[in-house]
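Report on the following structure.
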């Protein structure tokens, strides 16, 4: 009997972030607070994480990380509850993630530098940032391939043109990332067979995504060991990313083929 499709949420999101976000949404639902305002607030939380890391405020940093993970789910839940949406919200969420990533890793470098010096801090932080970004991108790509969801490139361009101004630039700014996800060129004739075959790597992606990186970072903050997080990110977590990618590609190319590509003429 075929296995049921996986729930493509990272475990920490499923067990912590989304339940807590659901409680926050119940409080916000009757108010005039918008999903986009929540997204902006969460970007400020990201900056707060970076600030706490820079000044080595260990416990506040961990608390801010927990709040960030919860509010990262609030905007989407609030938007779906009210029936709003569009690519602007998605774009703002993505840009907020970039702001958070930059702030967090600058702060991490500052904390590590107090004990290891700036050269070591820069190298470790750059490796940790690159590892998190790569794992996040690959999770996004293969989760979409697993579920069959795609971005409508023409709709992104149309919404950007309709909105114009700063909002339009935010929307069109997500276009390169949407194209890099490379899901529209992939043809999967039997989705159930594909999901059955790549079940193990999909589980591995979910256990090594951005939420897990932030969770490990929070634990290391409580332990006052920022360098430990950097070593884990550029060591075991990067190894898991490489191993998962190898397994994923091996299974996708194994006969009988379950993945093909649309021809240029079609």
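Tell me yes or no: at least one residue of the stretch 101-108 is under 21 Å from residue 13 (Cα atoms), within 19 Å of the chain's Cα centre (by Cα) and in contact (Cβ under 8 Å) with a residue 24 or more places away in the chain. Checking the stretch 101-108: at least one residue is under 21 Å from residue 13 (Cα atoms), within 19 Å of the chain's Cα centre (by Cα) and in contact (Cβ under 8 Å) with a residue 24 or more places away in the chain.
Select from the stretch 178-203 the residues that are outside any loop (DSSP other than H, G, I, E, B) and either within 29 Å of residue 65 (Cβ to Cβ) or within 19 Å of the chain's Cα centre (by Cα) (or both) and list them in ascending order. Residues satisfying the conditions are 178, 179, 180, 200, 201, 202, 203.
Being under 17 Å from the mean Cα position of the chain (by Cα), closer than 18 Å to residue 147 by Cα and at pLDDT 90 or above holds for only one residue in 206, 238, and it is 206. Here is a check on your reading of the model: is residue 65 farther than 16 Å from residue 228 by Cα and either assigned to a helix (DSSP H, G or I) or at pLDDT below 95 (or both)? Judged against the criteria, residue 65 is a match. Taken together, the residues in the stretch 148-177 that are closer than 30 Å to residue 258 by Cβ, touching a residue at least 60 places away in the same chain (Cβ under 8 Å) and in a helix (DSSP H, G or I) amount to 3. Of all residues assigned to the stretch 58-79, at least one qualifies as being touching a helix residue (DSSP H, G or I) at 6+ places or on another chain (Cβ under 8 Å), surrounded by 15 or more Cβ atoms within 10 Å (Cβ to Cβ) and farther than 24 Å from residue 14 by Cα.
Each residue in the stretch 183-203 was checked for being touching a helix residue (DSSP H, G or I) at 6+ places or on another chain (Cβ under 6 Å) and at pLDDT 95 or above, and 2 of them qualify.
When the criteria are applied in full, residue 114 fails the requirement of being buried (at least 17 other Cβ atoms within 10 Å of the Cβ) and part of a helix (DSSP H, G or I).
For residue 36, state whether it is part of a helix (DSSP H, G or I), within 19 Å of the chain's Cα centre (by Cα) and farther than 18 Å from residue 210 by Cα. So residue 36 passes the test.
All conditions in (1) assigned to a helix (DSSP H, G or I); (2) touching a residue at least 12 places away in the same chain (Cβ under 8 Å); (3) within 20 Å of residue 222 (Cβ to Cβ) hold for residue 56, with the sole exception of (1). So for the stretch 26-35 (the condition being crowded, with 17+ Cβ neighbours inside 10 Å and under 27 Å from residue 220 (Cβ atoms)), does at least one residue qualify? Within the stretch 26-35, not a single residue is crowded, with 17+ Cβ neighbours inside 10 Å and under 27 Å from residue 220 (Cβ atoms).
The values are calculated or read from the model by the stated rules, or taken from the named source; none is laboratory data. Just so it is clear, the model here is predicted, and its values are computed rather than measured. All Cβ positions, glycine included, derive from the backbone under ideal geometry; neighbour counts span all protein chains shown.
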